[in-house]
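Visitor: The structure under discussion is supplied below as structure tokens; questions concerning it will follow.
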Amino acid sequence: MICRGGDERSTALVSRVASYGECQGRLDHAEETAVGVPGSGLARGLAIVLRTMTRRAVTGQYPDVPPALPPRSRGVIALLEENCTVCMLCARECPDWCIYIDSHKETLQVPGAARPRQRNVLDRFAIDFALCMYCGICIEACPFDALFWSPEFEYAEYDIRDLTHERERLREWMWTVPTPPAHDLAGEPAKEVLAAAPPATGATT
Ligand code: SF4
Ligand code: SF4
């Protein structure tokens, strides 16, 4: 007795699996069940193998061929220590708590000033890239342009502890930070430029 409904379901299953190109073994079995021609699955599989062999490979050939990444790729974070005021904003905003900052206060005697001034001195600045999720919040939050993205990504380590980059290593990444794009000549001048510009002649107060 031939069950038509069952045949249609099997054929539909065969065409669906074939369209995804997966589970070749299951496809062969289903085909043989539906069509009843022994060896047709094997022939079909060989045809797929031959077709794939003649196709151009799309696999990236890294490390023999470096990938062509956009210049603003998020590879690693660089620190420009001279700009850092130890305000701690980046460490506070980091969702992963993977920025470690230590500092101490120094008292400065300023000539002519009524009282000595205090300033923060950086003792430690480190980022644990084993925890970092490359969200970029720290870079956005830094009000003093001390953190930058570098597209460098080749810093895999055998020991996970070596993925914590101390400030010397973060400083070294600065050499790999791409230069910022030029200002748009037709755009608004920066507010710092406007603030530094001399007042216009004849301006009323
Ligand atoms: S990129 Fe995100 S997760 Fe990584 S250090 Fe910055 S704020 Fe933290
Ligand atoms: S937010 Fe910027 S200036 Fe403040 S501690 Fe972080 S890197 Fe330094």
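The values are calculated or read from the model by the stated rules, or taken from the named source; none is laboratory data. Keep in mind the model is a prediction, meaning the values are calculated, not measured. Positions of Cβ are generated from backbone atoms using ideal geometry, with glycine treated the same way; all protein chains shown enter the neighbour counts.
Visitor: Anything in the range 98-140 that is farther than 20 Å from Pro151 by Cα and either free of Cβ contacts under 8 Å to residues at least 12 places away in the same chain or assigned to a loop (DSSP other than H, G, I, E, B) (or both)? List them, or say none.
Guide: Thr107, Leu108, Gln109, Val110, Pro111, Gly112, Ala113, Ala114, Arg115, Pro116, Arg117, listed by residue number.
Visitor: Can you name the condition, by its number, that Phe153 falls short on among (1) within 13 Å of ligand 1 (Cβ to nearest atom); (2) touching a residue at least 60 places away in the same chain (Cβ under 8 Å); (3) on the phi < 0 side of the Ramachandran plot; (4) not acidic (Asp, Glu)?
Guide: Every listed condition holds for Phe153 apart from (1).
Visitor: Out of contact with any helix residue (DSSP H, G or I) (no Cβ under 6 Å at 6 or more places or on another chain), assigned to a loop (DSSP other than H, G, I, E, B), modelled with pLDDT of 85 or more and basic (Lys, Arg): does that describe Arg74?
Guide: When the stated conditions are applied, Arg74 passes them.
Visitor: If Ala195 satisfies every condition in (1) out of contact with any strand residue (DSSP E or B) (no Cβ under 6 Å at 6 or more places or on another chain); (2) hydrophobic (A, V, I, L, M, F, W, C); (3) surrounded by 13 or more Cβ atoms within 10 Å (Cβ to Cβ); (4) not in a loop (DSSP other than H, G, I, E, B) but one, which is the exception?
Guide: (3) is the only condition that Ala195 fails.
Visitor: Additional query: Working carefully through the options Glu188, Glu154, Glu140, find the one that is surrounded by 10 or more Cβ atoms within 10 Å (Cβ to Cβ) and of a type in the set (D, E, K, R). Outline the logic, then answer.
Guide: Details: Glu188 fails: surrounded by 10 or more Cβ atoms within 10 Å (Cβ to Cβ); Glu154 fails: surrounded by 10 or more Cβ atoms within 10 Å (Cβ to Cβ).
Checking each option against the conditions leaves just Glu140.
Visitor: Looking at (1) more than 30 Å from Pro63 (Cβ to Cβ); (2) free of Cβ contacts under 8 Å to residues at least 60 places away in the same chain, can you tell me which one Glu81 breaks?
Guide: (2)
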